[in-house]
Amino acid sequence: MTSSSTESAVGAPAALIRQARGQVMGLITQFLLGMAVNLIGLPSETKDGSKTATSILLTVHMLIAAGLAVGAVLVLRLARATDRRTRRLATFGAVAIGATIVAGSATLPTENNWWSYAMAVGFAAALLSYGALLLSRTDHAST
Ligand code: HEM
């Protein structure tokens, strides 16, 4: 079987797996950037080089959040043509990403640690959703 016929046979699931993998990689990058901001301190709490470093890290963190939101919508759309469990996991992932962005947006103005904690919870929920989605889709692809 040629690689092109393999691709057409699995079609949408292959794109779905790629997109869900992208979400997992984005989430892990997001976690590492967020922990670095947490370690250095918020821009309002730092000065000089630390302020510049944390501002850059936070800007990238916010850009990746936007990318994760777009990715969540793409996963939702690609999951439409699949089974109920995959659709539900795609929905959980999108809800977790949305809620985490709300928590992140509330962390900055309030500087309340509970919003920051909510971001960590949202990260774990989104990672579990996309991880479970990938595991079940990989099982389908191998059978
Ligand atoms: C899907 C989107 C996001 C994920 C998965 C995420 C995840 C995280 C994680 C795991 C941390 C480190 C642990 C913690 O402090 O909770 C963190 C820190 C942080 N994130 Fe996010 N975040 C997201 C979106 C955002 C957005 C949209 C903003 C701002 C508009 C933001 C602002 C921050 C800030 C300011 C910190 C440092 C908090 C502190 O030092 O207390 N995050 N993020």
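Nothing in this text is a laboratory measurement; each read-out follows from the coordinates by a stated rule. Remember, predicted model here, so these are calculated numbers, not experimental data. When we count neighbours, we look across all protein chains shown, and the Cβ atoms used for this are built from the backbone with ideal geometry, even at glycine.
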Highest to lowest packing among 101-108, 48-55, 23-30, scored as the average C-beta count within 10 Å: 23-30, 101-108, 48-55
Approximate shape of the stretch 56-101 as ellipsoid semi-axes (Cα gyration tensor, √5λ), whole Å, largest first: 25, 10, 5
Degrees, to the nearest 10: 84-110 long Cα axis against longest axis of the chain: 10 degrees
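Residue 99 to residue 85: extension gain in nm, 0.36 nm per residue of separation minus the Cα-Cα distance?
2.9 nm
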Degrees separating the helix 3-40 axis from the principal Cα axis of the chain, which is the longest one: 10 degrees
Among 100, 86, 110: highest mean-square fluctuation, GNM of the chain, C-alpha pairs under 10 Å: 110
Viscosity 0.692 mPa s, 37 °C: Kirkwood-radius Stokes-Einstein D of the stretch 89-143 over Cα pairs, µm²/s: 275 µm²/s
Where labels lie 7 Å past Cα in the beta-carbon direction, separation of residue 69 and residue 29 in nm: 1.7 nm
Using distinct alpha-carbon pairs, which all enter the 1/r mean, Kirkwood radius of the stretch 14-142 in Å: 15.2 Å
